[in-house]
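*Asks:* The following block contains the structure, expressed as structure tokens.
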Amino acid sequence: MQETKRCALAKKCGGCQLQNMDYPRQLKFKQAKVEKLLGRFGRVGKIVGMENPYHYRCKVQAAFGTTRGGKIISGVYQSSSHRIVNVDSCMIEDEKADEIIVTIRNLLPKFKLRPYNEDTGVGFLRHVLIRKGYNSGQILVVLVTASSVFPSKNNFVSALLKAHPEITTVVQNINSKHTNLVLGDINKTVYGDGYIEDSLCGCTFRISPQSFYQVNPAQTERLYSLAIEYAGLTGKERVIDAYCGTGTIGIIASKQAGEVIGAELNSSAVRDAKSNAARNGADNIRFICADAGEFMRDMAQAGEKADVVFMDPPRAGSDKRFLSSVVTLAPDKVVYISCNPETLERDLRYLVANGYEVKKMRPVDMFPFTLHCEMVVMLTKFA
């Protein structure tokens, strides 16, 4: 494990709350935290850390603005504020992505392009989003602009590609709304295909500007491999992938399951999931555009069964309505992938009170130097 570095911007930025700890101590801190929260459900396995906990973020986004003196800056919003901290390089972001952002910042004045000012509504560039394939090395650059008009577009992109010929594709995303959301609804491909591809656990996934894809693919492989291990698939099981998003965990599981059904309310995510399944030749998986909880209740009412349910909810966890649908469907096994141990603890209380028992659980450090910690938990139905 590498010697712990220190970030000069730590106090200004506030994004990495554990900068005061070396990495081994961070892992001990997170282990103790989840043991305190979840220890009453059973033994917590040893946290899965990173060999190299630096530059792991393969999705990097930078806000653009100007100082009072008119200097163009780019970087992250200071914690709990809307002030931009100027960043040239970040110890948890992909190094090539940071280099490209600095190049874009330096190119703006040469092409007489200005960052967008939210107060006055004047200016052009709002954000830059960069996604890099961890295994493929492909790079997607998204220029988020306040207007569809892109002065000197071809020359600007040519200059960017000359500086960084490794860029795979460039997309202009148009966000003209007064909003805190980074991306707008309209994408215009300026160079390349408008998407990149990357492989995860032996499967290939398309990554577009709006696609959900884990920002730390190295640890995602370990997280998902652990979840599949906990599921104990033998090739015969009927599996439900709830909150399936673009189908990542379900497609990976389909290689070892009999049948997989993914349920997701977001229609564009379902389209991506179907495309990803076709790309990987996964013909034993289907995707339903529906609320996962309602879908499982309908299955139960129709007398249908499932052997395993994978659930990977957002940070808020699952609501009681969804959890009750899991209990109603009554799969033999539930594999809960959590990005928030606090809401996980609440949801486990419900499942344990309604016929399930925690058999295994293990934390995975997806976001070194931050307070965040992922968990994988396997529950089985009481006999």
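Just so you know, all these numbers are worked out from the coordinates, no wet-lab data involved. Model, not experiment: these values are computed from the prediction. Neighbour counts are summed over all protein chains in view; Cβ atoms, including those assigned to glycine, are modelled from backbone coordinates with ideal geometry.
*Asks:* Taking the convex hull of the alpha carbon atoms in region 191-249, what volume per residue do you get, in Å³?
*Replies:* 103
*Asks:* OK, next. Hey, can you grab everything whose amide H is under 5 Å from the amide H of ARG57? Only 5+ residues off in sequence or another chain; H modelled, so Pro and N-termini drop out.
*Replies:* Counting only residues 5 or more places away or on other chains, the set is GLU93, ASP94.
*Asks:* Also, quick follow-up: Using DSSP to call loops (not H, G, I, E or B), can you name the trypsin sites (Lys or Arg not before Pro) in region 151-254 whose Cβ has at most 13 other Cβ atoms within 10 angstrom?
*Replies:* Here the sparse-neighbourhood loop sites are LYS177, LYS236.
*Asks:* For the cross-link pairs LYS12/LYS320; LYS96/LYS188; LYS59/LYS162; LYS132/LYS153; LYS11/LYS36; LYS36/LYS236, which exceed 30 Å when the distance is taken from alpha carbon to alpha carbon? All intermediate terms of the calculation are to be shown ahead of the outcome.
*Replies:* On the way: LYS12/LYS320 39 Å; LYS96/LYS188 23 Å; LYS59/LYS162 22 Å; LYS132/LYS153 23 Å; LYS11/LYS36 28 Å; LYS36/LYS236 37 Å.
Among LYS12/LYS320; LYS96/LYS188; LYS59/LYS162; LYS132/LYS153; LYS11/LYS36; LYS36/LYS236, the Cα-Cα distance tops 30 Å for LYS12/LYS320; LYS36/LYS236.
*Asks:* Compute, for the chain, the length of the dipole vector about the Cα centre, with Cβ point charges of +1 (Lys, Arg) and -1 (Asp, Glu) only. Units Debye, rounded to 20.
*Replies:* The calculation lands at about 1000 debye.
*Asks:* List, in order, the whole-Hz ³J(HN,Hα) value for each residue of region 218-233 obtained from phi through the Karplus relation with A = 6.51, B = -1.76, C = 1.60 and θ = phi - 60°; use x for Gly and Pro.
*Replies:* Residue by residue, region 218-233 yields 4, 7, 4, 4, 6, 4, 5, 4, 5, 5, 5, 4, 4, 5, x, 6 Hz.
*Asks:* Which of the listed residues, THR168, VAL102, TYR116, is farthest toward the dipole's positive end in region 59-200, when Lys, Arg count +1 and Asp, Glu count -1 at the beta-carbon?
*Replies:* It is TYR116.
*Asks:* Over the alpha-carbon set of the chain, work out the extent along each principal axis and list the three values in angstrom, largest first.
*Replies:* Largest to smallest, the principal-axis extents are 70, 44, 36 Å.
*Asks:* A further question on this structure: Per residue of region 95-111, what does 6.51 cos²θ - 1.76 cosθ + 1.60 with θ = phi - 60° give for ³J(HN,Hα)? Whole Hz please, x for Gly and Pro, Karplus curve as stated.
*Replies:* 5, 5, 4, 4, 4, 5, 5, 4, 4, 4, 4, 6, 6, 3, x, 5, 10
*Asks:* Restricting attention to the alpha-carbon atoms of region 59-200, what are Rg (one decimal) and Dmax (integer), both in Å?
*Replies:* In Å, with Rg to one decimal and Dmax whole: 14.3, 45.
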